[in-house]
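Enquirer: Dumping the structure here so I can ask a few things about it.
Read-outs throughout are calculated quantities, based only on the coordinates presented, and are distinct from any laboratory measurement. Remember, predicted model here, so these are calculated numbers, not experimental data. Because the Cβ atoms are built from the backbone with ideal geometry, glycine has one as well, and the counts that use them run over all protein chains shown.
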Amino acid sequence: MSRPQIMVMSPVLPAAFRVLEAKFDLLRCDEATDREAFLRAHGKDCRAVIIKGHDSFGRPELQLMPKLEVVSCMTAGFEAIDASALHADGVLLSNTSFALKDDVADTAVMLILAATRQLVSCDAYVRTGDWGQNGPYPLLSSLTGKRAGILGLGVIGQEIAARLKPMRLEVGYCSRRKRETDLTYFADPEELADWSDILIVVVPGGSETLDLVNHNVLSKLGPNGTLINVARGSVVDETALIDCLKTGKLGGAGLDVYKNEPNPDPALTRLKTVVLNPHHASGTIETRNAMSHLAVDNLIAHFQGARLLTPVDGPRPKYKAST
């Protein structure tokens, strides 16, 4: 019996690729110079796709793959994949949030500490000799006892909460629906920001969350507040963020993601109240390998007749955005 054909649309790390290659017949669209021509030539019998969430996939590709059953995304985010089109055609979708939740949560905590205690500026204060010339660094505010608001209480948001509570922070959240938890719930992002000292953004990217964290939300967070973004750059109105930081309407920020990657707005790089990370929250050897293996395991499960291990179940309801 012939093996299922899998369209490889993004590079797969070597160890996971060896497993994929042993189980399926692979079509290497990721190596093609003309993507559309390759799909036209080889897509008609393809039953699955393995892809990263920043590589586009939607109605045009679906039309070239009439036998497609499942799309396995190797990343947590899938903003470039038209999930609604997939679901409308009965095509399953999976992602890898569970594989990267710990590293992303760790990065969020790292950015909280680095931003609130101005780690980068303190480091420069020592290296440049300012400490010896100017004396002690200015006093900062303690993190203990502060309020941390998590915008998006999915698997990553829950891991962040689990790390912050033992650090003696009060934790609240805003999510698409109220969850069974002892955390304080807020109905919309503006209410959460008004309550929070630190706002941590963990919602998916895409059109539904575009500029969800806008000027109103940032203003509610206030001059002593800190924004942390480990989600997607599209979720934060970056122009409003820069304006609030420059004018003192917002205290600081710790960012892993940006509107324009890998070349963020130069204004961000000039602000001493901002800590910058190069979209590297899941950037460990262990996690990237786990993500690739999970994407492959989702395909194996599907073709063995089992449920996907980490399915994305249907179109997502929208957040209630502040205006």
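Enquirer: Tally Lys/Arg at +1 and Asp/Glu at -1 over every other residue whose Cβ is under 11 Å from the Cβ of Lys259; what's the total?
Expert: Working: positive: Arg232; negative: Asp211, Asp237, Glu238, Glu261, Asp265.
Local net charge: -4.
Enquirer: At 0.692 mPa s and 37 °C, plugging the Kirkwood radius over alpha-carbon pairs of the chain into Stokes-Einstein gives what diffusion coefficient in µm²/s?
Expert: On the way: Rh = 21.0 Å.
Rounded to a whole number, D works out at 156 µm²/s.
Enquirer: Label Val126 and Glu180 with points 7 Å out from Cα along Cα→Cβ: what is the distance between them in nm?
Expert: Placing both labels 7 Å beyond Cα along the Cβ direction yields 4.7 nm.
Enquirer: Over region 215-280, what is the relative contact order in whole percent, taking alpha-carbon pairs under 8 Å and six or more residues apart? Intermediate values should be presented prior to the final figure.
Expert: On the way: 96 pairs, mean separation 23.5, N = 66.
For region 215-280, the relative contact order is 36 percent.
Enquirer: May I ask for the distance between the Cα centers of region 1-64 and region 193-245, given as a whole number of Å?
Expert: 36
Enquirer: Suppose R0 equals 30 Å. What FRET efficiency, 1/(1 + (r/R0)^6) with r the Cβ-Cβ distance, do Leu210 and His280 give to the nearest 0.05? Show your work: numbers first, answer last.
Expert: On the way: r = 23 Å, r/R0 = 0.77.
It comes out at approximately 0.85.
Enquirer: For a quick protection proxy, order the peptides 242-251, 133-142, 204-213 by their average other-Cβ count within 10 Å, most packed first. Don't jump to the answer; show the numbers that get you there.
Expert: Details: 242-251: 17.6, 133-142: 9.5, 204-213: 19.5.
Top to bottom by mean Cβ count within 10 Å: 204-213, 242-251, 133-142.
Enquirer: Another question about this same structure. Below 8 Å, C-alpha to C-alpha, sequence gap of six or more: please give me the relative contact order for region 124-230 in percent. Can you show the working numbers first?
Expert: Numbers: 156 pairs, mean separation 27.6, N = 107.
Worked out over region 124-230, it gives 26 percent.
Enquirer: Measuring from a point 7 Å past the Cα of Ser56 along Cα-to-C-beta, which residues in region 247-289 have an amide N at less than 16 Å?
Expert: none
Enquirer: Continuing with this model, one more query. What fraction of the DSSP beta bridges in the chain is antiparallel, stated in percent and rounded to the nearest 5? Each step should come with its number before you reach the end.
Expert: Details: 1 of 39 bridges.
In the chain, approximately 5 percent of DSSP beta bridges are antiparallel ones.
Enquirer: May I pose another question? Would you mind counting up the charge near Val230? Only other residues with Cβ under 12 Å from its Cβ, with Lys and Arg at +1 and Asp and Glu at -1. Before the final figure, lay out each step's value.
Expert: Numbers: positive: Lys101, Arg232; negative: Asp103, Asp106, Glu159, Asp256.
Surrounding charge for Val230 is -2.
Enquirer: Less than 12 Å Cβ to Cβ from Gln5, Lys/Arg counted +1 and Asp/Glu -1: what total charge do the surrounding residues give? All intermediate terms of the calculation are to be shown ahead of the outcome.
Expert: Details: positive: Arg3, Lys23, Arg28, Lys44, Arg47, Lys67; negative: Asp25, Asp45, Glu69.
Combined, the nearby Lys, Arg, Asp and Glu give +3.
Enquirer: Provide the gained length on full extension for the span Thr239 to Arg3, in nm with one decimal, where the gain is 0.36 nm per separating residue minus the Cα-Cα distance.
Expert: 79.9 nm
Enquirer: Let me ask you something else. Note the full-extension length gain between Asn289 and Lys67 as 0.36 nm times their separation in residues minus their Cα-Cα distance, in nm to one decimal.
Expert: Values: separation 222, 0.36 × 222 = 79.92 nm, distance 2.88 nm.
Extending this stretch completely gives an extra 77.0 nm.
Enquirer: Just want to confirm a number: the relative contact order over the chain, from Cα pairs under 8 angstrom separated by 6+ residues, in percent. Mind dumping the intermediate values first?
Expert: Numbers: 636 pairs, mean separation 58.4, N = 323.
This gives 18 percent for the chain.
Enquirer: Moving to a separate point now. Rule-of-thumb check for region 100-276: C-alpha Rg over 2.2 N^0.38 Å? Don't jump to the answer; show the numbers that get you there.
Expert: Working: Rg = 15.8 Å, N = 177, 2.2 N^0.38 = 15.7 Å.
For region 100-276, the normalised Cα radius of gyration is 1.00.
Enquirer: Run lengths n ≥ 4 of DSSP H only: what is the helix-derived mean residue ellipticity at 222 nm for the chain, with -39500 (n - 2.57) per run over all residues, to the nearest 500? Each step should come with its number before you reach the end.
Expert: On the way: 13 runs with 120 residues, N = 323.
After summing the helix terms and dividing by the residues of the chain, the value is -10500 deg cm²/dmol.
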